[in-house]
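Report on the structure given below.
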Amino acid sequence: MKGVVIAMVVLAIIQLMVEPGWAISCGQVDGYLAPCLPHLIGGSGIPAPTCCDGVKNIKGMASTTTDKRTASNYVKQAANRYSNLKDDAAQSLDAKCGVQMDIPVSRTTNCDM
C-alpha cells in the first residue's frame, strides 16, 4: 500500500512538471490551505510548517495576472466557508509564513487585481 501511495505522488509530480501551464484549481487551493485552518480559526501562534508550505505553493502557482485572479477567487471562496475564521490571522498568514503574497487570505478580497 505504501508503494502505491509513493507511486501516485511521483506520478502527480511528473504530471505537474510536464504540464507547466496547468490552471490553478479550487481543489488545489483548498488542499494547500487546509493545514492552515487551526491557525486561521484559533488565530494565535505560528502556522504549522505544512500550512506555510501550502501558502508558498499557492504563491508559486500564481505567476500571471490571470492565475493570481483565479487563485484570489478560490482563496476568497475558501475563507467564506468558515464563519469562525479570524480576519486578523488570515490577513497576517503570509507574513507569519515569511511569504510576500499578492493574494490576501480574506472574505473580502478584491480579486480584480
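Each Cα pair under 8 Å and six or more residues apart adds its sequence gap; the mean of these over the residue count of the range 24-113 is a relative contact order of 35 percent. Scalar couplings 3J(HN,Hα) for the range 88-103, obtained by applying the Karplus form with A = 6.51, B = -1.76, C = 1.60 to θ = phi - 60°, are 5, 5, 5, 6, 9, 4, 4, 5, 5, 8, x, 10, 8, 9, 8, 10 Hz; x denotes Gly and Pro. Using θ = phi - 60° in the Karplus curve 6.51 cos²θ - 1.76 cosθ + 1.60, the 3J(HN,Hα) couplings for the range 37-49 round to 3, x, 6, 5, 8, x, x, 10, x, 9, x, 4, x Hz; x is entered for Gly and Pro. Karplus-based coupling profile of the range 67-78, in residue order and whole Hz: 4, 5, 5, 4, 4, 4, 4, 5, 5, 4, 4, 4, with θ = phi - 60° in 6.51 cos²θ - 1.76 cosθ + 1.60 and x standing for Gly or Pro.
By the count of other C-beta atoms within 10 Å, a proxy for reagent exposure, Ile41, Ile46 are ordered fewest to most as Ile46, Ile41.
Each reported figure results from applying straightforward, stated rules to the coordinates on display, with no laboratory input. The model shown is predicted, which means the values in this text are computed figures rather than measured ones. Methodologically, a virtual Cβ is constructed for each residue, glycine included, from the backbone with ideal geometry; neighbour enumeration extends over all protein chains shown.
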